[in-house]
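Undergrad: Encoded as structure tokens, here's the structure I'll be asking about.
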Amino acid sequence: HVRKKMIQQQTRLKISDNSGAKIIKCIQCSSGKKSAGVGDFIVISVKELRAKSRATSKVVKGEVYRALITSVKSAHLRKDGSVHRFGQNTAILTDRQGKPIATRIFGPLPRTLRNNKFMKLASISTGFF
């Protein structure tokens, strides 16, 4: 099965961590392709900050960061044949090495991110689905 990749340039995503950002926009897909999907890194720009955390935010509006896509609205096919859909496109802000900027992740992560590469994300999230 081939998974759909539905995040492309100019796509707006919501942030599911406590880094201080609320809405981000994709500038470039890091894989060098036109689109990205769950588990892919993208280069983003912060468009909106959360109202409560403007003073204590770890990010700055307009700055460029990397993000890991955690869910997409379009159907995501798994190898076992099951199909998963989400209500919104979400991502987690990371630094250049792929480590999360935030200290908490809201909601569970997809099971496709449960490997050694993302163990730090797994430890600060609420689980997997």
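The values are calculated or read from the model by the stated rules, or taken from the named source; none is laboratory data. It should be emphasised that the depicted structure is a prediction, and the values quoted were computed from it without experimental measurement. Because the Cβ atoms are built from the backbone with ideal geometry, glycine has one as well, and the counts that use them run over all protein chains shown. The protein model used for the area step is the full one, side chains on, heavy atoms only, and it has no ligands, DNA or RNA in it. Shrake-Rupley method; radii C 1.70, N 1.55, O 1.52, S 1.80 Å.
Undergrad: Would you mind finding the one in Ala51, Ala75, Ala67 that is among the small types (Gly, Ala, Ser), within 18 Å of Ile7 (Cα to Cα) and open to solvent by 10 Å² or more (accessible area, probe 1.4 Å)?
TA: Details: Ala51 fails: within 18 Å of Ile7 (Cα to Cα); Ala67 fails: open to solvent by 10 Å² or more (accessible area, probe 1.4 Å).
Answer to the selection: Ala75.
Undergrad: With respect to Thr70, determine if the residue is over 15 Å from Gln10 (Cα atoms), in a strand (DSSP E or B) and either touching a strand residue (DSSP E or B) at 6+ places or on another chain (Cβ under 8 Å) or modelled with pLDDT under 85 (or both). Full working, then the answer.
TA: On the way: over 15 Å from Gln10 (Cα atoms): yes; in a strand (DSSP E or B): yes; either touching a strand residue (DSSP E or B) at 6+ places or on another chain (Cβ under 8 Å) or modelled with pLDDT under 85 (or both): yes.
Yes: the conditions hold for Thr70.
Undergrad: Could you tell me whether any residue of the range 103-116 is out of contact with any Phe, Trp or Tyr (no Cβ under 6 Å at 6 or more places or on another chain), at pLDDT 85 or above, among the hydroxyl-bearing types (Ser, Thr, Tyr) and in a loop (DSSP other than H, G, I, E, B)?
TA: Checked against the condition, which is being out of contact with any Phe, Trp or Tyr (no Cβ under 6 Å at 6 or more places or on another chain), at pLDDT 85 or above, among the hydroxyl-bearing types (Ser, Thr, Tyr) and in a loop (DSSP other than H, G, I, E, B), the range 103-116 yields at least one hit.
Undergrad: Restricting attention to the range 20-36, which residues are open to solvent by 10 Å² or more (accessible area, probe 1.4 Å) and not in a loop (DSSP other than H, G, I, E, B)? Lay out the reasoning, then the answer.
TA: Here is the first cut: in the range 20-36, the ones open to solvent by 10 Å² or more (accessible area, probe 1.4 Å) are 22-23, 25, 27-28, 30-35.
Scanning the range 20-36 gives Lys22, Ile23, Lys25, Ile27, Gln28, Ser35.
Undergrad: Specify the residue that is most open to solvent (accessible area, probe 1.4 Å); the eligible residues are those in the range 37-47 that are closer than 23 Å to Leu109 by Cα, not in a loop (DSSP other than H, G, I, E, B) and not aromatic (Phe, Trp, Tyr). Steps first, answer last, please.
TA: Looking only at the range 37-47, we keep the residues that are closer than 23 Å to Leu109 by Cα, and these are 37-46.
From what is left, the residues that are not in a loop (DSSP other than H, G, I, E, B) are 41-46.
Cutting the leftovers down to not aromatic (Phe, Trp, Tyr) gives us 42-46.
On the way: Ile42: 0, Val43: 34, Ile44: 0, Ser45: 15, Val46: 3 Å².
Only one residue tops the list, namely Val43.
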